[in-house]
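For reference, the structure discussed in these notes is given below.
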Amino acid sequence: MTTTPATPAYDPDNIFAKILREEIPSFRVYEDDETLCFMDIMPRADGHCLVIPKTPCRNVLDATPEQLAAVMRTVQKVSRAAMVAFGAGGVSLQQFNEAVGGQEVFHLHVHVLPRHAGTPMRAPGKMGDMDAIKGHAEQLRAALETL
Ligand code: AMP
């Protein structure tokens, strides 16, 4: 039988759980029964957004196959919308697991980063312009309606 090392327990007070409960604000882009997509407030590219499951799990290490499948379905949908919304030439996906793996918020999420030729990703950890982020959310929502 395959075993995996134990991961720490899910913390229901992590910031993305609070976004799901609408205890703190976010720029929502898309949701279905199982997932939510909202904008990253420290965008490393214009249109940088995050896809999360609505049910609790820390990351890939404790997620169920169903949670992973639901998240990736939405990642594909939002990635296709990002190509249209921003005239992107490609999309980078990022996903980190546990602090040693680069994870800072411990609710499973996949970063969706629209990319343009010759434009490097910006450095992490810098707060974005909220009006610009709001506009990018609107562009993504409009593109999603066309797909
Ligand atoms: P990581 O856990 O390393 O994949 O990164 C967490 C991501 O969450 C970073 O890109 C942050 O900019 C982003 N982030 C942190 N707080 C918020 C928030 N309140 N709303 C949207 N994005 C956030």
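Nothing in this text is a laboratory measurement; each read-out follows from the coordinates by a stated rule. Only a predicted model underlies this, so the values are computations on that prediction, with no experimental measurement involved. Backbone-built Cβ (ideal geometry, glycine too); neighbour counts: all protein chains shown.
Of 70, 6, 17, all but one fail to be buried (at least 20 other Cβ atoms within 10 Å of the Cβ) and out of contact with any Cys (no Cβ under 8 Å at 6 or more places or on another chain); the exception is 70. Among the residues of region 120-134, those that are exposed (fewer than 13 other Cβ atoms within 10 Å of the Cβ), assigned to a loop (DSSP other than H, G, I, E, B) and hydrophobic (A, V, I, L, M, F, W, C) comprise 123, 127.
Among the conditions (1) touching a Leu at 6+ places or on another chain (Cβ under 7 Å); (2) under 23 Å from residue 18 (Cβ atoms); (3) not hydrophobic (A, V, I, L, M, F, W, C), the only one that residue 43 does not satisfy is (1).
Here's the yes/no breakdown for (1) more than 19 Å from residue 12 (Cα to Cα); (2) touching a strand residue (DSSP E or B) at 6+ places or on another chain (Cβ under 9 Å):
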residue	(1), (2)
46	yes, yes
65	yes, no
69	yes, no
81	yes, yes
98	no, no
104	no, no
110	no, yes
123	yes, no
134	yes, yes
